Amino acid sequence: MFKKILIANRGEIAVRIIRACKEMGIKSVAVYSEADKKALHTELASETVCIGKAASSESYLNMERIISAALVTGCDAIHPGFGFLSENPQFARMVQKCGLTFIGPNPDVMEKMGNKAEAIHSMKEAGVPIVPGSYKAVSMEEGHKIADEIGYPVLIKASMGGGGKGIKKVNNTKEFDTLYAEAKDEALKFFANDEIYVEKFIVSPKHIEVQVMCDKFGNVIHLFERNCSMQRRNQKMLEEAPCQSISKELKNKLYESAIKACKYVGYDSVGTIEFLVDKNENYYFIEMNTRIQVEHAVTEAITNVDIVKNMIKIAYGLKLPYKQEDIKQLGYALECRITAEDVFNDFRPNPGKINFMHTPGGMGVRIDTAVYTGYEISPFYDSMILKIVVSGQSRLECIRKMRAALEELIIDGVKTTIEFHYLLLHNPTFVLGNYDTTFVETFIKEVFENAKRLR
């Protein structure tokens, strides 16, 4: 097994990986920017290396400095976590060329599946249902033609996109040129690639994803599905597993398609296949995440499988220790992402010092965080404070447990989304479970209107 791993990330995912390394008897190296000198991941790791200034471009996105830190400290491997360089095939290849192991998939597969247009084309060849669209990067003129053929509304999307960036909904032909140009500019800004493709906009879908684990010997299994439909501007706010509002028949089709997708491209790590499901239970592949995801803890809670440890073992070259029949679904789980945001100011990030923080506990309550009392939330990175994951025998038990956990959670010093999530968990539509990706925006309007009446 690896002797020492460098974690090329920060925040709660860096802490999560460091803890997994400790449990596996592996030493860890934390890299940090000048803004993260007092971050929790630097306190927990075996060694630390400062890799630059606060800006991500000068630290967590600086490939040469990260790899140099790994070499200087005698690491065997680099774990990229999620975000930053986690889905960058150039970084993965550089890591391998320097004699280190990249803890993630083969960079050729990462490149193929990271390019959204190419991934969709591959899934079409594999026989996985896809959303009607261009299947490749298109010019503005080509995009116009395809949009007319498949019918409005359509989505204009960055080929190398992610995290909700570089996506524009176009309702009619008059809007197309302006939104195409905006999406192209965003794509170049955030992903250094301005290729754009066009696909049909699926009205009021559910966003369902299947967690997969694949080793380097061709073995592929799924760890069931997650419902990630609770989104605002393509950013997930709450996840649950399993999804109780789709049929068992559809679930089996999703599992089969996810496994088929992985086998077709030769995937060899942990990852996620994401689908949209319409009101008639037609489903469509939308993308693959070739990394560990923020919401992996929800799946861990319902399967008792440590995804992070298995990701490390796969990268080392070990076979999966499970067959599909070994993976059992153990009840339900919910996850709330609590962020430092001002809900009543369009969810604007609210960095600052946490004066006091108290987190809940108890059976079936898990807190993933990298912050603490006295911690300064930096304006340079995302506004995530923590994730609360609760598990239980039923979905209703999880909802009640999450309500209790949020009542106990205290974060003083910055504005947060705690109260927003608490209200969400009491909404009848959410409690019934049959919501889709359009629900949050409607709910937000209701919250704002109620708040105005109370003032």
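Does Q231 satisfy the criteria of being surrounded by fewer than 21 Cβ atoms within 10 Å (Cβ to Cβ), in a loop (DSSP other than H, G, I, E, B) and either not β-branched (V, I, T) or not assigned by TED's automatic domain parsing to the domain that holds Y422 (or both)? Answer is no for this residue.
Listed by first and then second residue, the pairs linking a residue in segment 182-195 that is farther than 13 Å from I167 by Cβ to a residue that is hydrophobic (A, V, I, L, M, F, W, C) and part of a helix (DSSP H, G or I), with Cβ atoms under 8 Å apart and 6 or more places separating them unless they lie on different chains, are N193/A187; D194/A187; D194/L188; E195/A117; E195/A187. Residues in segment 159-182 that are closer than 17 Å to I202 by Cα, under 27 Å from the mean Cα position of the chain (by Cα) and not in a strand (DSSP E or B): G164 alone. The residue that is surrounded by the fewest Cβ atoms within 10 Å (Cβ to Cβ), counting only those in segment 414-455 that are of a type in the set (K, R) and part of a helix (DSSP H, G or I), is R453. Only residues that are touching a strand residue (DSSP E or B) at 6+ places or on another chain (Cβ under 9 Å) and part of a loop (DSSP other than H, G, I, E, B) were counted across segment 110-153, and they come to 14. As a summary of the residue check, F190 satisfies the conditions (1) assigned to a helix (DSSP H, G or I); (2) over 19 Å from N289 (Cα atoms) except for the one numbered (2). Of the numbered criteria (1) surrounded by fewer than 21 Cβ atoms within 10 Å (Cβ to Cβ); (2) within 18 Å of M237 (Cβ to Cβ); (3) touching a residue at least 40 places away in the same chain (Cβ under 8 Å), the one R403 fails is (3).
Of the residues making up segment 64-81, just one is touching a helix residue (DSSP H, G or I) at 6+ places or on another chain (Cβ under 6 Å) and either surrounded by fewer than 17 Cβ atoms within 10 Å (Cβ to Cβ) or on the phi > 0 side of the Ramachandran plot (or both), namely G81.
Results for (1) more than 24 Å from the chain's Cα centre (by Cα); (2) of a type outside the set (S, T, Y), shown as yes or no for each residue.
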{"position": "T42", "(1), (2)": "no, no"}
{"position": "T48", "(1), (2)": "yes, no"}
{"position": "Y60", "(1), (2)": "no, no"}
{"position": "C75", "(1), (2)": "yes, yes"}
{"position": "F91", "(1), (2)": "no, yes"}
{"position": "K97", "(1), (2)": "yes, yes"}
{"position": "M140", "(1), (2)": "yes, yes"}
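Considering the conditions (1) crowded, with 23+ Cβ neighbours inside 10 Å; (2) at pLDDT 95 or above; (3) in contact with a helix residue (DSSP H, G or I) (Cβ under 7 Å, 6 or more places away or on another chain), G114 is excluded by exactly one of them, (2). Of the residues making up segment 193-216, those that are part of a strand (DSSP E or B), modelled with pLDDT of 95 or more and not charged (D, E, K, R) are H207, I208, V210, Q211, V212, M213, C214. Where helices (runs of 4 or more DSSP H) fall wholly inside segment 242-338, the ranges with 1 or more residues that are over 20 Å from the mean Cα position of the chain (by Cα), within 27 Å of Q393 (Cβ to Cβ) and assigned by TED's automatic domain parsing to the domain that holds P351 are 248-265. When you scan segment 2-20, do you find a residue that is free of Cβ contacts under 8 Å to residues at least 60 places away in the same chain, of a type in the set (G, A, S) and in contact with a helix residue (DSSP H, G or I) (Cβ under 6 Å, 6 or more places away or on another chain), even just one? Scanning segment 2-20 turns up no residue that is free of Cβ contacts under 8 Å to residues at least 60 places away in the same chain, of a type in the set (G, A, S) and in contact with a helix residue (DSSP H, G or I) (Cβ under 6 Å, 6 or more places away or on another chain). Any residue at all in segment 386-405 that is out of contact with any Pro (no Cβ under 7 Å at 6 or more places or on another chain), small (G, A, S) and either part of a helix (DSSP H, G or I) or within 30 Å of A35 (Cα to Cα) (or both)? Taking every residue of segment 386-405 in turn, at least one turns out to be out of contact with any Pro (no Cβ under 7 Å at 6 or more places or on another chain), small (G, A, S) and either part of a helix (DSSP H, G or I) or within 30 Å of A35 (Cα to Cα) (or both). When segment 1-39 is filtered for residues that are assigned to a loop (DSSP other than H, G, I, E, B), closer than 19 Å to S57 by Cα and of a type in the set (F, W, Y), nothing remains.
The set of residues in segment 339-351 being free of Cβ contacts under 8 Å to residues at least 60 places away in the same chain and in a loop (DSSP other than H, G, I, E, B) consists of D346 alone.
For segment 375-391, taking the residues that are more than 15 Å from the chain's Cα centre (by Cα) and small (G, A, S), the one that is surrounded by the fewest Cβ atoms within 10 Å (Cβ to Cβ) is identified as S378. For segment 263-289, a residue qualifies if it is charged (D, E, K, R) and either crowded, with 23+ Cβ neighbours inside 10 Å or within 19 Å of K248 (Cβ to Cβ) (or both), and the qualifying residues are D278, K279, E281.
The values are calculated or read from the model by the stated rules, or taken from the named source; none is laboratory data. Predicted, not measured: the structure shown is a model, and the values here were computed from it. No Cβ is skipped: glycine too gets one built from the backbone with ideal geometry, and neighbour counts run over all protein chains shown.
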